[in-house]
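Student: The structure follows.
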């Protein structure tokens with residue numbers, strides 16, 4: 001009898017503990033990236049996302065975020081509501097799943113990521129002040145369309161010019177060429193990445209040199225003939241060197257030499273831009289790799305004599321040529337990123353190549369990692 005009572009008490013205790021763990025804090029507020037006037041989705045102090053959508057004829061609706069699908073509950077009016085588990089701080093792509101069909105949430109602004117325009121949400125970060133909208137002079141992000149002979153197509157890039165650019169018509173500026181990641185495009189850094197706000201705040205605080213930032217599309221393919229049905233060859237490096245840089249130097253007041261050009265990228269963009277700078281050290285003097293290196297996805301030991309055609313074989317020469325070599329990674333990055341970046345760092349150490357390494361605390365392969373990386377990297381440039 002005594003054992004039976006203890007067993008019941010233990011069961012009640014565990015049930016209460018589980019309820020306490022799963023209890024949702026009801027302090028939800030509309031997301032910062034909702035469409036105007038929309039109350040949902042919402043975020044609470046735990047980082048949970050609550051979604052709501054009217055779908056009276058649907059049989060099943062789910063919130064799909066962070067690789068997990070959460071069931072929503074339907075009320076008598078046909079409105080479905082539900083929430084996720086707590087999410088990491090920062091920006092996240094997500095979608096709704098209605099009877100098996102994945103669709104954007106009509107309550108949010110749309111962002112290009114994962115190869116499509118879809119929903120996004122901001123989980124307020126404790127350090128969000130560095131990319132917040134503040135009462136400081138703000139620069140301009142302009143859309144620039146140009147024709148690429150290499151791809152035989154019109155392309156566009158977004159260009160950030162600092163707040164003082166229009167007021168100083170005789171002044172020329174250094175340029176950072178900043179690239180997005182896989183399945184994203186030229187809108188990413190200006191939108192999800194908050195690049196303009198990050199630089200506005202840094203420049204206003206005197207922590208960064210006023211600079212131009214060029215954000216182009218890393219997908220640039222050689223035109224295919226009717227006979228070629230395979231995967232088109234990428235010509236992004238050629239587009240960068242022969243079209244983007246000359247176009248930027250002709251349209252904007254740049255300081256057109258290698259000492260005043262830097263290049264950086266995230267994930268796929270880190271891989272691309274590392275190859276570009278190492279093949280074109282006459283064009284760039286600084287590099288930033290955010291969550292990526294050109295040995296991706298391998299974590300095996302790198303032979304500097306053969307890696308990138310031996311571009312890292314002479315460590316002393318690289319130290320003379322590259323002013324800032326910068327690497328960043330989130331502490332929660334999934335495989336294979338820690339392994340591939342780790343292998344690259346071991347090679348750099350072995351070669352005696354100087355570099356700066358930064359870890360973004362508590363973030364994975366996501367935009368808060370890359371916002372923090374840009375914030376750190378930009379402060380070192382052109383000084």
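Student: Which of the residues spanning the stretch 49-95 are in contact with a strand residue (DSSP E or B) (Cβ under 8 Å, 6 or more places away or on another chain), closer than 30 Å to residue 190 by Cβ and not in a strand (DSSP E or B)?
Tutor: Residues satisfying the conditions are 66, 84, 87, 88, 89.
Student: Taking residue 106 as the residue in question, decide whether it is farther than 30 Å from residue 360 by Cα and in a loop (DSSP other than H, G, I, E, B).
Tutor: Against the criterion (farther than 30 Å from residue 360 by Cα and in a loop (DSSP other than H, G, I, E, B)), residue 106 qualifies.
Student: Looking only at the stretch 90-115, count every residue that is surrounded by fewer than 18 Cβ atoms within 10 Å (Cβ to Cβ), at negative phi and either within 15 Å of the chain's Cα centre (by Cα) or free of Cβ contacts under 8 Å to residues at least 12 places away in the same chain (or both) and tell me the total.
Tutor: Number of matching residues: 3.
Student: Hey, another quick one. Read through the list (1) farther than 19 Å from residue 195 by Cβ; (2) touching a strand residue (DSSP E or B) at 6+ places or on another chain (Cβ under 7 Å), then give the number of the only condition that residue 141 fails.
Tutor: Checking residue 141 against (1) farther than 19 Å from residue 195 by Cβ; (2) touching a strand residue (DSSP E or B) at 6+ places or on another chain (Cβ under 7 Å), the one that fails is (1).
Student: A follow-up question, please. Taking the stretch 137-152 as the region of interest, how many residues are in contact (Cβ under 8 Å) with a residue 24 or more places away in the chain and under 26 Å from the mean Cα position of the chain (by Cα)?
Tutor: 9
Student: Let me ask something additional. Looking at 240, 268, can you tell me which residue is within 24 Å of residue 378 (Cα to Cα), in contact with a helix residue (DSSP H, G or I) (Cβ under 7 Å, 6 or more places away or on another chain) and touching a residue at least 12 places away in the same chain (Cβ under 8 Å)?
Tutor: Being within 24 Å of residue 378 (Cα to Cα), in contact with a helix residue (DSSP H, G or I) (Cβ under 7 Å, 6 or more places away or on another chain) and touching a residue at least 12 places away in the same chain (Cβ under 8 Å) holds for just one of 240, 268, which is 240.
Student: Same structure again: Mind checking which residues of the stretch 255-274 are more than 19 Å from the chain's Cα centre (by Cα) and either buried (at least 20 other Cβ atoms within 10 Å of the Cβ) or not in a loop (DSSP other than H, G, I, E, B) (or both)?
Tutor: Result: 258, 259, 260, 261.
Student: Quick one: how many residues across the stretch 129-159 are farther than 30 Å from residue 223 by Cβ and either modelled with pLDDT under 95 or crowded, with 16+ Cβ neighbours inside 10 Å (or both)?
Tutor: Final tally of qualifying residues: 4.
Student: Also: Before we move on, is residue 232 loosely packed, with under 15 Cβ neighbours inside 10 Å, touching a strand residue (DSSP E or B) at 6+ places or on another chain (Cβ under 9 Å) and touching a residue at least 60 places away in the same chain (Cβ under 8 Å)?
Tutor: No: the conditions fail for residue 232.
The values are calculated or read from the model by the stated rules, or taken from the named source; none is laboratory data. Just so it is clear, the model here is predicted, and its values are computed rather than measured. No Cβ is skipped: glycine too gets one built from the backbone with ideal geometry, and neighbour counts run over all protein chains shown.
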